[in-house]
1. Express in whole angstrom the spacing between the alpha-carbon centres of region 35-65 and region 199-214.
2. For every other residue with a beta carbon closer than 14 angstrom to the beta carbon of Ile126, add +1 if it is Lys or Arg and -1 if Asp or Glu, then tell me the sum.
3. Among the aspartates and glutamates, select those whose C-alpha is under 19 Å from the C-alpha of Lys201, and discard any that sit fewer than 8 residues away in the same chain.
4. Once you've got the Cα coordinates, tell me which of Lys120/Lys150; Lys146/Lys188; Lys102/Lys188; Lys115/Lys188 are over 24 Å apart.
5. How large is the accessible surface per residue of region 85-126, computed with a 1.4 Å probe and reported in Å² as a whole number?
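The values are calculated or read from the model by the stated rules, or taken from the named source; none is laboratory data. Everything numeric in this text was worked out from a predicted model, so none of it was measured. Here Cβ is always computed from backbone atoms with ideal geometry, including for glycine, and neighbour counts include all displayed protein chains. Accessible surface areas use protein heavy atoms only, side chains included; no ligands, DNA or RNA. Shrake-Rupley method; radii C 1.70, N 1.55, O 1.52, S 1.80 Å.
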Amino acid sequence: MKILGIGLAAIIITLAIAVLGQNNNLTKKPGQSILSRKITLPESRNIESTLLFQMALSNAKIPGGIVTVNCGNPSKQSFVASETTSLELFLINLELTDVHHKWQLNDGVLNLLPKQELPKLLETPIEKFSVQEVTAQEALNLLQEKSEVKRKKIELGLDKASISINKASALNLESEQNSDVTFSLNLKGVTYRQILNEIVKAQGRMTWIYTEKHCGNVNMFSVILVE
């Protein structure tokens, strides 16, 4: 009986350790450390949600992407930073107050996306995207040259494209980054948006901003990289 009791105790201890291990794994979900980062934003009144999101990315020092589809006035928000808050709480509050956007974390890259349908160009499947020792700007230019992207732009009537890099930071401060940093990518079976995410992730802390407009007879989109 004594041996049986010892064996039962050992089993209970083993199970307890297993449960604790599982709980510990649950508390370390991918991306949790990013969302728990503390940010402090200046008080902002009547500011575009996209700019507010961009400011949060810069403050948290993480790469990101922003998607807007409009032909009118963008959504604007007010934010009062009475104290430092977590990135996650900021995002939850932003999504509750912005009827047009939602946030999504993709392998370390934070995206602000339309709550409605995602622009079809961003969902374009690309068989292979391989670049060697390029800057973010060069990678973005090469992405536009992919045959899948060219075909999709013609199909969607996106006849005008603006591709550029903006070296000013979200807070109009001197950028801490270097847009001349080079990197290599070898991606297969990805979408246009996934490639944009991989570009800013490889570069460090850039944000890509995709804007699509359908105004009257004019259909166009732009992609901007912001440091």
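1. 15 Å
2. Combined, the nearby Lys, Arg, Asp and Glu give +4.
3. Candidates past the 8-residue exclusion: Asp107, Glu123, Glu133, Glu138, Glu176, Asp180, Glu227.
4. Over 24 Å apart, Cα to Cα: Lys102/Lys188; Lys115/Lys188.
5. Value for region 85-126: 48 Å² per residue.
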